[in-house]
Amino acid sequence: MPEHSGSHALDGQAIRAVDLTKAYGHADSPVYALRGVTFEVRWGERVALLGKSGSGKSTLLNLLGGLDRPTSGSLDVAGHSIARLTGRQLARFRSVSVGMIFQSFNLIHSRNAWQNVKLPLVFAGQQPRERREVARRALEAVGLAARFDHRPAEMSGGENQRVAIARALANRPQILLADEPTGNLDSATAREVVRLIREHVEERQATLILVTHDEDLAAACTDRVLRLIDGQLAT
Amino acid sequence: MRVGDLFGLALAALWQQKSRTAMTTLGVLFGSFVLAASLSIGQGVQDTIERESHRSDFLRKITVRSNHRGANADSAGKQVEVAGEMSDAKRDRLRRAIADHSPGKPVALTRDKLVKMATLEHVEAVVPMFWLSGFAVLDQQSQLASLAGVRPESIDCRRRLIAGEFFSSSRQPVCTVSEYLLYRWGLTDEASIAGVLGKKIRVELRGPGQQRGLRLVLDKPEGEEPTLEETIALEKIKEQLPKVLDFFPLPPDQSRLLRGMIEGKDASPASVVSEEFTIVGVLRAATPEELKEPWDPLRVSADLILPYETAADFYFRQQGTEERGIDHAVVVVDDERHTKAIYQQILDQGLTAFTVLEFIEQQQLIYLLIFGGMTCVAAVALLVAALGIANTMLMSVLERTREIGIMKAVGAGNTELQLVFVIEGAIIGSLGGGLGVLLAWLASMPGDAWVRSMVAHSVPVELKDSLFVFPLWLIAVTLAFAITITTLAALYPARRAARIDPVAALRHE
C-alpha cells in the first residue's frame with residue numbers, strides 16, 4: 001500500500017463515501033446532483049465513474065478533488081474528511097493530496113507549459129530550484145521536453161492535455177482524478193493520453209478515479225466501474 | 001506559499017495587462033506628483049522664510065514709535081455712553097465710531113520711555129533712531145550733514161569702514177564720517193582721508209526755537225545746501241526784521257499785517273546745540289549688493305555716525321525734544337523667543353510697535369493654508385486614482401475568473417489569492433508613488449529656477465537655497481500615502497477574487 005498521510009486512518013481505503021449527498025439551489029426546493037452515494041476505493045485501485053451527462057459524475061469528482069463540499073454524508077479522501085477541512089486545509093489538500101485532469105485542460109493561457117506545471121508546486125511552497133527541476137522532469141515524462149516555453153495556444157489539444165497531466169502529477173499525488181480526459185481529443189491522441197495516464201498510475205501505484213461515458217475507455221483503464229444514474233450509484 | 005511567489009504572481013498578472021497597468025499607474029503617478037510637489041514647495045517656502053529670517057537678526061528687533069493717536073482712545077471709547085433707543089449692535093457701532101474719533105492722550109517716545117524699555121528683562125539695547133540734519137564744521141569749513149546713532153556692534157557699519165576704526169562704546173565723543181562728506185569738503189586722495197582721523201569735528205544743530213512763526217529759507221540751486229554762515233545771517237535778519245519793518249515802503253495795512261505776523265511769535269533766538277566729536281573712522285556707502293540683503297531696522301546711512309547713546313544725549317539737548325521724544329527706536333531683544341513678550345510689554349506702555357516676527361508668522365500661516373489646500377487637492381487626485389484602481393481590478397477579477405478557478409483547483413488558498421491582488425495594488429502604488437516623487441524632483445529644477453526669477457523680479461532678495469525640498473519624510477509620506485490608498489483600493493477586488501467558487505469558475509468561459 002502506498003504511503004499516505006491524513007487526519008483519519010481509512011483502514012487501507014483511499015476513498016470512503018458514505019451516504020454522500022450534494023444539492024444545489026435554494027433549501028426550499030433543492031436540486032440533487034448526488035443522492036446518498038456510498039462507496040469505497042482502495043489504495044492503488046483504478047475506478048471508472050460511468051454515467052450519462054447530468055448523472056452527477058463531475059459533481060462527485062469535484063467533491064473528491066476538494067473543489068466543493070458535500071451537502072450531507074461523509075467523504076474521506078486520502079485520510080482527510082472533506083467536510084471538516086478548513087479553507088486553508090482544503091487548498092493544501094488540493095495541492096498535495098490529489099491531482100486533477102479536466103476535459104478542457106484548464107491551463108492558464110498567459111503562462112507557458114513549464115509555468116503551468118509549476119503552479120501546484122508554487123502553492124505547495126516548494127523551493128524555486130526544486131520545483132524547476134520537478135516541472136522539467138514532469139514535462140519530459142509526458143514527452144514535452146521541446147515544449148517548455150510554449151503557451152497553450154501554441155500547442156495542440158493533445159499536447160495541452162499532456163501538460164495538464166504533467167501538472168496533475170507534478171506533486172506526486174497518490175490520487176489522480178480525471179474528468180473526461182479524452183473528451184476533447186481525436187481518437188489517436190486520446191489513445192496516447194490514456195496510455196500516459198495508465199503508465200503513470202501503474203508506475204506510481206496511484207489511485208485513479210476516471211470519469212467517462214466511454215465504456216471502452218473505462219474497461220481499458222480501470223479495475224472497477226461505478227455507474228451513476230441520476231445522482232445514485234447503480235447496484 | 002513563499003512571499004517571493006506571491007510577488008511573482010502579482011507581477012506576472014500586472015505584466016499580462018501592461019496597458020491597463022500603465023494607465024492605472026499613470027493616475028497614481030499624477031496624484032503622487034502633485035502631492036509630492038505641493039508638500040515640497042510648501043515645506044521649501046516655510047524653510048526659506050525661516051532661513052531668510054535667521055540669516056539676519058531682525059527677528060530680535062522691535063521697531064517702537066510714539067503713539068500719536070493716543071493710547072487710551074479705545075478704552076475711552078468703551079466708556080462712552082451712547083444715549084437713545086437703538087439696538088445693542090448699533091450702540092456698539094456708534095461707540096466704536098466715537099472711539100475712532102476721540103483722540104486719546106498721545107504717548108511720546110521720550111527719554112524716560114527709552115530708559116524704561118532698556119530696563120526690561122531680555123532687552124539687550126534700545127537704539128533711538130533719528131536722522132538729524134546739522135552743520136558739520138571741519139577746519140573752519142561747514143557742510144550740511146546728516147547724523148545718526150548706531151550700536152558699536154553694527155556689522156553693517158564695520159564692514160564699510162575704509163579708514164581708521166569703529167567706536168567700541170555706545171557712549172563716547174567720537175564719530176565716523178562718510179567718504180562722500182569728505183568729498184564734499186574736497187578731501188579726495190587717500191592721504192587727506194587718513195589725515196582727518198583724530199581731528200575734531202564740530203556739529204551744530206540749529207532749530208527754529210520753541211515757538212512757530214516766520215522762517216527764512218535760502219533756496220539754492222539743486223544739489224546745493226545753505227552754508228552755516230548763510231544760515232546764521234538769515235537768522236540775524238529774522239531777529240532784526242521787526243525793528244526795521246518801518247523802513248520798508250509798504251502800505252500801512254500791509255505793514256500792520258506783517259507786524260502782527262512777526263511780533264511776539266518768535267521772540268526767542270534760534271535754538272543752537274553744538275558739540276565736538278573726534279573723527280575715528282571713515283565709512284564708504286553701501287554697495288548695491290549690500291542693499292539687497294535682508295532688511296535691518298538698525299541699518300542707517302548718514303554723513304556722521306555717532307555711538308547711539310552719545311547721539312541720543314546730543315539729540316535730547318535740543319529744545320522741546322524731552323517732551324516731543326524721538327521718531328522711533330529699535331529694541332534689540334537677547335533671543336527671538338522673547339521678542340513677542342517684549343513686544344507685548346511695549347504695547348502695554350501705550351506705544352506702537354512692529355515686529356517682523358508677527359508678519360512672518362502670518363505669512364507662514366498663509367503659505368501653510370495655500371499648500372495645505374494643494375495637498376488636499378493632491379490627496380483627492382490620489383483617491384480618484386484609487387477608485388480607478390478598484391474599478392480596474394474588479395474588471396481584472398472578472399476577466400481572470402477562470403484563471404482564479406484554475407489556481408484554486410491546483411492549490412491556491414483564499415488568503416493567498418487575496419494577497420496576490422493586494423500586492424498588485426501595492427505594486428501600482430509603489431511604482432506610481434515612486435515615479436511621482438521622481439517626477440516632482442525633476443520638475444522642481446526648472447520650477448525652482450522659474451520661481452527664483454519671479455522672486456528676483458519682485459523683491460530685492462537673493463535666495464541661496466532651493467524653494468523645493470525633498471526631505472526623507474516627504475518621500476516616505478508620499479510613498480506611504482500612495483501605497484496605502486492603492487492597497488486599500490485593491491482590498492475589495494481581492495475579497496471578490498478570494499470568494500470565487502472554483503467549480504463555477506472552471507465552467508466560466
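Here, each number is a calculation from the coordinates, and none is a lab measurement. Just so it is clear, the model here is predicted, and its values are computed rather than measured. So basically every Cβ, Gly included, is an ideal-geometry build from the backbone, and we count neighbours across all protein chains shown.
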What angle, in degrees between 0 and 90 and rounded to the nearest 10, separates the Cα long axis of helix B:3-16 from the longest principal axis of the Cα atoms of chain B? 90 degrees
Per-residue HN-Hα couplings for segment B:186-198, Karplus 6.51 cos²θ - 1.76 cosθ + 1.60 at θ = phi - 60°, whole Hz, x for Gly and Pro? x, 9, 10, 7, 4, 5, 6, 5, 5, x, 7, 5, x
Extending each Cα 7 Å along its Cβ direction at A:Arg129 and B:Ala379, get the distance between those two points in nm, one decimal. 4.9 nm
B:Ala456 paired with B:Val217, simple spin-label distance in nm, labels 7 Å along Cα-to-beta-carbon: 4.3 nm
With axes computed from alpha carbons, what is the tilt in degrees of helix B:472-498 against the longest principal axis of chain B, rounded to the nearest 10 within 0 to 90? 30 degrees
Within the set of other residues whose C-beta is less than 12 Å from the C-beta of B:Val469, count the net charge using Lys and Arg as +1 and Asp and Glu as -1. -3
Computed over chain B: longest principal axis from alpha-carbon atoms vs helix B:356-399 long axis, angle to nearest 10 degrees, is 10 degrees
Distance between modelled label sites at A:Arg198 and B:Val82, nm, 7 Å Cα→Cβ extension: 11.2 nm
Hey, which of these cross-link pairs are over 18 Å Cα-Cα: B:Lys292/B:Lys464; A:Lys118/B:Lys18; B:Lys200/B:Lys236? A:Lys118/B:Lys18; B:Lys200/B:Lys236
Is it possible to state the helix-based mean residue ellipticity at 222 nm for chain B, with each DSSP H run of 4+ residues giving -39500 (n - 2.57), the sum divided by total residues, to the nearest 500 deg cm²/dmol? What is it? -18000 deg cm²/dmol
Residue-wise, which Karplus ³J(HN,Hα) couplings in Hz belong to segment B:333-346, taking 6.51 cos²θ - 1.76 cosθ + 1.60, θ = phi - 60°, and x for glycine or proline? 9, 5, 8, 5, 5, 9, 4, 5, 5, 5, 4, 5, 5, 5
Roughly how far apart, in whole Å, are the Cα centres of segment A:60-126 and segment B:182-251? 112 Å
Show that you can apply the helix-only estimate: for chain A, add -39,500 (n - 2.57) for every DSSP H stretch of four or more residues, divide by all residues, and state [θ] at 222 nm to the nearest 500. -11000 deg cm²/dmol
